[in-house]
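Below is one structure, written out as structure tokens; the observations come after it.
The values are calculated or read from the model by the stated rules, or taken from the named source; none is laboratory data. Worth saying up front: this structure is predicted, and the values here are computed from it rather than measured. Here the Cβ is made from the backbone with ideal geometry for all residues, glycine too, and neighbour counts use every protein chain on show. Surface accessibility is based on the protein's heavy atoms, side chains included, excluding ligands, DNA and RNA. Shrake-Rupley method; radii C 1.70, N 1.55, O 1.52, S 1.80 Å.
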4 protein chains.
Amino acid sequence: MWLRTSCDLTFDITVPTPFILMLRPRSGVQQWIAREEYRLEPMVGVSEFTDSYGNLCQRLIAPPGAFAVYTVADVRVADQVDQAPGAPFVDIENLPDEVLSYLLPSRYCESDRFGEMAASITVGHLLGYDQVKAIETWLRTTIRYDIDSGNIPVSAVEVHFRQSGVCRDLSHLGIALCRSLSIPARLVVGYLYHMEPMDLHAWFEAYVGGRWYTFDATQVSLNGGYVPIGYGRDAADVAVYNQFGPPAYPISQNVRVELLG
Amino acid sequence: MWLRTSCDLTFDITVPTPFILMLRPRSGVQQWIAREEYRLEPMVGVSEFTDSYGNLCQRLIAPPGAFAVYTVADVRVADQVDQAPGAPFVDIENLPDEVLSYLLPSRYCESDRFGEMAASITVGHLLGYDQVKAIETWLRTTIRYDIDSGNIPVSAVEVHFRQSGVCRDLSHLGIALCRSLSIPARLVVGYLYHMEPMDLHAWFEAYVGGRWYTFDATQVSLNGGYVPIGYGRDAADVAVYNQFGPPAYPISQNVRVELLG
Amino acid sequence: MWLRTSCDLTFDITVPTPFILMLRPRSGVQQWIAREEYRLEPMVGVSEFTDSYGNLCQRLIAPPGAFAVYTVADVRVADQVDQAPGAPFVDIENLPDEVLSYLLPSRYCESDRFGEMAASITVGHLLGYDQVKAIETWLRTTIRYDIDSGNIPVSAVEVHFRQSGVCRDLSHLGIALCRSLSIPARLVVGYLYHMEPMDLHAWFEAYVGGRWYTFDATQVSLNGGYVPIGYGRDAADVAVYNQFGPPAYPISQNVRVELLG
Amino acid sequence: MWLRTSCDLTFDITVPTPFILMLRPRSGVQQWIAREEYRLEPMVGVSEFTDSYGNLCQRLIAPPGAFAVYTVADVRVADQVDQAPGAPFVDIENLPDEVLSYLLPSRYCESDRFGEMAASITVGHLLGYDQVKAIETWLRTTIRYDIDSGNIPVSAVEVHFRQSGVCRDLSHLGIALCRSLSIPARLVVGYLYHMEPMDLHAWFEAYVGGRWYTFDATQVSLNGGYVPIGYGRDAADVAVYNQFGPPAYPISQNVRVELLG
């Protein structure tokens, strides 16, 4: 399917503020970006770099006053998410080098603390994809998805304590559980067609059967329409925008995903 | 200035043909891409990667029949090319690691063969920017710019032997001369506003005074309007398209650069 | 000064166990490795890779039974650690791309939680090196250095709660405080000459005045003799060994640092 | 087998001369470095970096006077080189991204000029390993291996014209022929046990059947004992030492390979 995604952000800036933006989806195995717009108002000097996760990031200094970022992309994505019941666990020794860092604990995914819980959730399941599916199902049925539970990222330990969270929180807990089973897992931030209410979304991927697969505990069934923008170990690595200095929260954030033709 | 660049390529494919495309300008210090389109007809699966020079490359298999690539970009570039008479030569030991490979001879820039010629061209000039400017002037006044001199890249040695060449050939000779003086130099392929006749263009950059500067022996004076698409050691690294198997030359190639607003 | 460092580890392995070792100091700005030994008993197949922090890592499967790693290195390091009172804070926009990730919160350094504390510790100090020195002094005088306080890494928040910790814990808190001031900071694991009792050590580096500087809250005064082995955002990234599957703690760990000549 | 390799180089330096050394074999799939020495006389400041081919390189400024580099390594390598008759050609679309650059023409391997010759040499052979073996055999029986034919690298075109060359020259021609068939190929510089006379050696690798295989047209039969030091597209990328400024040839070069135990 072809989707038109857009995200407009407006900030009220008081002092010149360094920003790192990560709003540029990349063409890859899963999607093709046929058209993209990326405007800043006012226009300022920008430099772009690729971070160690492969994300395209833009650095700039936002000047005082209203500062707006407008992005639009026309993207072709799969109609269905790939699913692979039975896809096997990959032995550590056979993981590609670049996947190894997704086994380690990270800011919001304290995988060193979840070994027993993960074992208990996945008991009786085939090693690999089926374990991750069991974790996703457990999250969906156990942790309450509460879109009002707050803007500040909390870690897997805290999510488990609260028993509720936003999409990012459920993903953090899912990632921590996977890693504690030696399954590489990463956070994805992006768009999802048909989200209600529409906003930026977060889900997770796990590496089984020799590739990354998509998991999302917030959806009853996995349909297509996922448009990844950024990848990372957790929300500390993947932020649609990072700013430094006195905080400047967006005064408006407008996200849309439409089906094209 | 804001420019709209476009390049449309159509191929007549006889057997399924692997392509690597490099048609996606990146936002960077020198330019900002505010809007981009990148369409394929027919649409095929594509994966994108970043090569070791930082270029965004797309891999695909073109199916038999007509195969077209349409690209458009709205780009903000400087009104003037930065020039820096007097900018000093950078001692080898102070060059950033990632610049070192631009000192080495490469397929079309046999810098190991041009030491004496480079010394003689630049005698009496300050080390650094002024040496490169002397090389650029020498190229402009010595090597005939002949846009009909052929499609097949030839190396600096051959360009020097023929005393004529297209933009790419003059750049190869300029790069070889710079490197023989231990000045890092690289080939740039891209668009140039106001080119006559309009086509994709090639120029070169040299690293002096702590950064890359633009040089172009085909233009009487350096104005703004340069839109880099790809960088590399020479034309072997930077090709707008690379294909493998039986050659499929473009049956049409349409390049435009317009001033916006 | 020339130092001979060695670290011998012996494990009692019950099932074939994947390991990632990080015991190979690299020659760099700060040190030169003139001689190195790296033996495994029994010898097994090993592959080496460089992680995203530049560390040389070795992957292998330890077979059941006793498994030993013997490493020796002859290293030249500075007699004195570089210190630079007054070295300025580097504005975010001037940080090199590869340093940016050291500004983000990480598993054991929840820098998003320490903004006010860091401001209060560093009040009245020049921005940059002097702020970090104030943090180091504050750690030394406030958090009790307790080498028996446990093997499991705890995070900066927990260290602050306990008010005591091992070298790694003090470093984690120091890093979190630096990052909350937008000063990049990273964990270093390695050897320190004259440590009492001798063991592997951990300290931290902060990026001010255009380069990384060494800080160590466990030492009354900073002398030379630091031999870095690995760098990372925190202990989740830098582990002398990482193993997967049922834990196999070292049954012996023998660390030595001698002065040569 | 366990080998002790050593290479000692002495230069007579007249003016401070920047060097880039590449004398440090890396532990990898094919070999394990159990012990290494790397001494400089006089000792000077060195920084180490990894180039885009994965080689460990050292940068330094050699001071006027005698300057010596002493390297020793104890290495475990396979007793036999892997051979794989029948290993298939890998379709371009299935090559890993990082292998693609080994398909392009380079300074000394003008693969764009050898398409017909390569087709004729390999006619009747299975696509893949068997084609490369046919090229290796053709080189061995056609191009005279002449260890006195000169120190200056010459390109594949020139080697073919002369019909003779050193190990590096035969490899360059072999690489050019492979690439013209869309088989990735790269130059390897290193040690070979039992070479007569003993010196640094060069051979080539081709990527078929999903991995790199070793080929060497200078040896009647491929035995084990190969110790790679550096990899690259050709001799422009892989030089045991690169120096800049007035040339300082080694006044002595002493290479040894002994069998241990």
- Note on the structure: Residue hits (region B:147-167; within 14 Å of chain D (Cβ to nearest Cβ) and touching a helix residue (DSSP H, G or I) at 6+ places or on another chain (Cβ under 9 Å)) are B:GLY150, B:ILE152, B:PRO153, B:VAL154, B:SER155, B:ALA156, B:VAL157, B:GLU158
- Task: For D:ARG113, state whether it is open to solvent by 70 Å² or more (accessible area, probe 1.4 Å) and more than 14 Å from chain B (Cβ to nearest Cβ).
- Result: no
- Can you give me the number of residues within region B:235-251 that are in contact with a strand residue (DSSP E or B) (Cβ under 7 Å, 6 or more places away or on another chain), of a type outside the set (Ser, Thr, Tyr) and at negative phi? 10
- Query: Which condition number in (1) in contact (Cβ under 8 Å) with a residue 60 or more places away in the chain; (2) away from every other protein chain (no Cβ under 14 Å); (3) closer than 24 Å to C:VAL238 by Cα is the one that A:LYS133 fails?
  - Reply: (3)
- Among (1) without any contact (Cβ under 8 Å) to a residue 60 or more places away in the chain; (2) touching a Phe, Trp or Tyr at 6+ places or on another chain (Cβ under 9 Å), which single condition is A:GLY128 missing? (1)
- Query: Across region A:76-95, which residue is nearest to the chain's Cα centre (by Cα) among those that are open to solvent by 40 Å² or more (accessible area, probe 1.4 Å) and within 14 Å of chain C (Cβ to nearest Cβ)?
  - Reply: A:PHE89
- Query: Are any residues in region A:1-24 outside any strand (DSSP E or B) and open to solvent by 10 Å² or more (accessible area, probe 1.4 Å), and if so, which ones?
  - Reply: A:MET1, A:THR14, A:VAL15, A:PRO16, A:MET22, A:ARG24
- Filtering strands (runs of 3 or more DSSP E) wholly in region B:134-244 for at least 2 residues that are among the polar types (S, T, N, Q) and open to solvent by 30 Å² or more (accessible area, probe 1.4 Å) gives B:241-243
- Task: Determine which single condition D:ALA84 fails, assuming it passes every other condition in (1) without any contact (Cβ under 8 Å) to a residue 24 or more places away in the chain; (2) under 30 Å from D:ALA156 (Cα atoms).
- Result: (1)
- Could you tell me whether region B:99-108 includes any residue that is more than 30 Å from D:GLU48 (Cβ to Cβ) and among the hydrophobic types (A, V, I, L, M, F, W, C)? no
- Qualifying positions in region D:245-261 - open to solvent by less than 50 Å² (accessible area, probe 1.4 Å) and more than 28 Å from B:SER182 (Cα to Cα): D:VAL255, D:VAL257, D:LEU260
- Item | Condition broken by C:GLY124, with the remaining ones in (1) over 18 Å from C:ARG233 (Cα atoms); (2) open to solvent by less than 40 Å² (accessible area, probe 1.4 Å) satisfied | (2)
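The rows are residues; the columns are (1) away from chain A (no Cβ under 14 Å); (2) within 22 Å of C:GLU37 (Cβ to Cβ).
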| position | (1), (2) |
| --- | --- |
| C:HIS201 | yes, yes |
| C:TYR213 | yes, no |
| C:ASP216 | yes, no |
| C:LEU222 | yes, no |
| C:GLY225 | yes, yes |
| C:PRO228 | yes, yes |
| C:ALA236 | no, no |
| C:PRO250 | yes, yes |
| C:VAL257 | yes, yes |
- Query: B:ILE183 fails exactly one of the following numbered conditions: (1) in contact with an Asp or Glu (Cβ under 8 Å, 6 or more places away or on another chain); (2) among the aliphatic types (A, V, I, L, M); (3) farther than 17 Å from B:ARG24 by Cβ. What is the number of that condition?
  - Reply: (1)
- Item | Search result, residues across region D:131-160 that are touching a Phe, Trp or Tyr at 6+ places or on another chain (Cβ under 7 Å) and closer than 15 Å to D:LEU177 by Cβ | D:VAL132, D:GLU136, D:SER155, D:ALA156
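Report yes if some residue within region B:67-75 is free of Cβ contacts under 8 Å to residues at least 40 places away in the same chain, open to solvent by less than 30 Å² (accessible area, probe 1.4 Å) and out of contact with any Cys (no Cβ under 7 Å at 6 or more places or on another chain); otherwise report no.
Checking region B:67-75: not a single residue is free of Cβ contacts under 8 Å to residues at least 40 places away in the same chain, open to solvent by less than 30 Å² (accessible area, probe 1.4 Å) and out of contact with any Cys (no Cβ under 7 Å at 6 or more places or on another chain).
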- Within the bounds of region C:118-132, is there any residue that is of a type in the set (D, E, K, R) and either in a strand (DSSP E or B) or closer than 19 Å to C:TRP212 by Cα (or both)? yes
- Counting only residues that are facing another protein chain (nearest Cβ under 9 Å) and surrounded by fewer than 16 Cβ atoms within 10 Å (Cβ to Cβ), how many does region D:53-66 have? 1
- Item | All positions within region D:29-48 that are part of a strand (DSSP E or B), open to solvent by 20 Å² or more (accessible area, probe 1.4 Å) and either under 30 Å from C:VAL44 (Cβ atoms) or within 14 Å of chain B (Cβ to nearest Cβ) (or both) | D:ARG35, D:GLU37, D:ARG39, D:SER47, D:GLU48
- Query: Which ones in region D:141-185 are under 22 Å from B:SER106 (Cβ atoms) and without any contact (Cβ under 8 Å) to a residue 12 or more places away in the chain?
  - Reply: D:ASN151, D:ILE152, D:GLU158, D:PHE161
